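A short worksheet on the structure shown next.
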Amino acid sequence: MLKGICSRLTYANVMATGAMFLALGGGAFALTGVPDRGGVFHGCVSNRTGVLRVVNSASSCHKARGRGRHRDLGEFAVAWNQKGQPGTNGIKGAKGINGTKGPTGPTGTNGTNGATKVTVRTATGLPVKEGALSQAAATCNPGEKVTGGGAQVDDDNIGRVTDSAPNGNAWVARAWNTATGAPTLTVAVTAYVLCASP
């Protein structure tokens, strides 16, 4: 029975369930302490699906656990500021010898805003047969910064992620088709990248 339930779990199902949880009750919880007193947003990103969820602190992120096909790859923590650092004020001019006040120095420039928008972008590699690697690179748009990412295979019975890491303005993922004696079975890997922008 457990095998039948797991076979029906898809990325879309997990995303829909998470959205329903937030709508029915999770939303009230998420409003408490987000952002924190320092104006920092905290989030946890799934190493398996690349899905971002907003939390009160980095300690809420799940650690990897389990073994085999039911292994939970856990989450990694991300954080971003609600506002940028304020600009510094200009310094006042020195007083003259006769005691008169010097001219006021120029006002400092305003600090830049921190990232307030996080977008998840994906890319899926070509399906490969047994003994071959499928590769995908999910790329952020110009002006966006890579803050995290992940990888997922379309068939975790024979697909194994061998590499999942940032590379420049992208997140690159690779997966190996471990099937033997099954030339018709293919594996494709999907890369996820978290792109932050002001």
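The values are calculated or read from the model by the stated rules, or taken from the named source; none is laboratory data. These numbers were taken from a predicted model, which means no experiment stands behind them. When we count neighbours, we look across all protein chains shown, and the Cβ atoms used for this are built from the backbone with ideal geometry, even at glycine.
Answer yes or no: is there a residue in the stretch 160-180 that is assigned to a loop (DSSP other than H, G, I, E, B), under 25 Å from Ala64 (Cβ atoms) and of a type in the set (Ser, Thr, Tyr). Checked against the condition, which is being assigned to a loop (DSSP other than H, G, I, E, B), under 25 Å from Ala64 (Cβ atoms) and of a type in the set (Ser, Thr, Tyr), the stretch 160-180 yields at least one hit. Under the condition of being without any contact (Cβ under 8 Å) to a residue 24 or more places away in the chain, on the phi < 0 side of the Ramachandran plot and of a type in the set (Gly, Ala, Ser), the residues counted in the stretch 58-88 number 4. Annotation: Cys140 fulfils all but one of (1) surrounded by fewer than 20 Cβ atoms within 10 Å (Cβ to Cβ); (2) under 14 Å from the mean Cα position of the chain (by Cα); the unmet one is (1). Among the numbered conditions (1) in contact with an Asp or Glu (Cβ under 7 Å, 6 or more places away or on another chain); (2) surrounded by 15 or more Cβ atoms within 10 Å (Cβ to Cβ); (3) modelled with pLDDT under 80, the only one that Arg69 does not meet is (2). Among the conditions (1) touching a Gly at 6+ places or on another chain (Cβ under 9 Å); (2) closer than 24 Å to Arg53 by Cβ, Asn110 misses just one, which is (2). For Ala151, indicate whether it is of a type outside the set (Asp, Glu), within 16 Å of the chain's Cα centre (by Cα) and in a strand (DSSP E or B). Criteria met by Ala151.
Among the residues that make up the stretch 184-194, is at least one of them in contact with a helix residue (DSSP H, G or I) (Cβ under 9 Å, 6 or more places away or on another chain), among the hydroxyl-bearing types (Ser, Thr, Tyr) and outside any loop (DSSP other than H, G, I, E, B)?
The initial filter retains those residues of the stretch 184-194 that are in contact with a helix residue (DSSP H, G or I) (Cβ under 9 Å, 6 or more places away or on another chain), namely 190.
Among the residues that remain, those that are also among the hydroxyl-bearing types (Ser, Thr, Tyr) are: 190.
Filter once more, so that each one left must be outside any loop (DSSP other than H, G, I, E, B): 190.
Yes, the stretch 184-194 contains a residue that is in contact with a helix residue (DSSP H, G or I) (Cβ under 9 Å, 6 or more places away or on another chain), among the hydroxyl-bearing types (Ser, Thr, Tyr) and outside any loop (DSSP other than H, G, I, E, B).
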